[in-house]
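Everything on this sheet refers to the single structure shown next.
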Amino acid sequence: MDEWAWYRRFILILSCAFYGASLLLWLFTPLKSFAAGFILGGLISLYNILYLARRVRIIHEQAAWAVPRRAGSGFVNRVLMVAFGVILAYRFPEQIDYRGLAPGLALGYILMVIAACRYNKKERLPREGREILGNHSEN
Amino acid sequence: MDLSVIAGGIMIAFGALAAGIGNGVLFSRYLEGIARQPEARGTLFGQAMVTLGLVEALPIISIAFGLLVLFGVI
């Protein structure tokens, strides 16, 4: 499994945990609009990340095969998704709170950094162990 | 004209400008790295995605807040 597949799995699992917690918040507490905003922001953020990964892969393939017309990175699409979420929060302020939407939009990126830290830790520890073992065997 | 419109416009414009510059530099370095070392593709892709996420997080949030300022919610 390559590095990004591991990241993607980690991000999806943690996102599902956050959505589950937000759903419980939405069901059993009076913070319904905040939880709805957080879920909406988180979903948009997750879409943005997965879409970015897909576009980067397409650009990579096109560069490898020297296709003359290059694809863009899809920035406008991602911005429009964010605008869609904000417009929904503006249109239905009773159901979706913008104070939940804003941290939700950052959720995916924060999870990606956490995934990178975790992956580096996971990869570094066995490598250091191998180096230590290698030194012992040399001595 | 209301000043919040100008404020929202500045937030969105500079956010998009910064994201454009950051993404351009990152994509060019990523493709350059793959061209130099095609076997490191998997590692480079993961690292490029993390860095792209970091570069994009701030503009996306600034655009969201800019739109909220533009609509007069905040």
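Just so you know, all these numbers are worked out from the coordinates, no wet-lab data involved. Quantities reported herein were computed from a predicted structural model and do not represent experimental measurements. Heads up, the Cβs are rebuilt from the backbone with ideal geometry, glycines too, and the neighbour counts pull from every protein chain shown.
What to note about this one:
- Some residue of the stretch B:19-36 being in a helix (DSSP H, G or I), buried (at least 21 other Cβ atoms within 10 Å of the Cβ) and in contact (Cβ under 8 Å) with a residue 40 or more places away in the chain: yes
- The residue that is farthest from residue A:33 (Cα to Cα), counting only those in the stretch A:67-86 that are without any contact (Cβ under 8 Å) to a residue 12 or more places away in the chain and within 11 Å of chain B (Cβ to nearest Cβ), is A:70.
- Per the listing B:57, B:7, the residue uniquely touching a residue at least 60 places away in the same chain (Cβ under 8 Å) and within 17 Å of residue A:86 (Cα to Cα) is B:7.
- Being at the interface with chain A (Cβ under 9 Å from one of its Cβ atoms), farther than 21 Å from residue A:3 by Cβ and over 13 Å from the mean Cα position of the chain (by Cα) is a condition met by no residue of the stretch B:37-50.
- Search result, residues across the stretch A:87-123 that are in contact (Cβ under 8 Å) with a residue 12 or more places away in the chain, assigned to a helix (DSSP H, G or I) and of a type in the set (A, V, I, L, M): A:88, A:89, A:101, A:102, A:105, A:106, A:107, A:111, A:112, A:114, A:115, A:116
- Qualifying residue in the stretch A:32-54 (condition: aliphatic (A, V, I, L, M), surrounded by fewer than 17 Cβ atoms within 10 Å (Cβ to Cβ), under 21 Å from residue B:55 (Cα atoms) and out of contact with any helix residue (DSSP H, G or I) (no Cβ under 8 Å at 6 or more places or on another chain)): no
- Test result for residue A:53, more than 17 Å from the chain's Cα centre (by Cα), within 11 Å of chain B (Cβ to nearest Cβ) and free of Cβ contacts under 8 Å to residues at least 60 places away in the same chain: no
- From the list B:64, B:19, the one residue that fits, being in contact with a Gly (Cβ under 8 Å, 6 or more places away or on another chain), more than 24 Å from residue A:9 (Cα to Cα) and facing chain A (nearest Cβ under 10 Å), is B:64.
- Any hit, the stretch A:11-26, residues being in a loop (DSSP other than H, G, I, E, B), loosely packed, with under 12 Cβ neighbours inside 10 Å and more than 12 Å from chain B (Cβ to nearest Cβ): no
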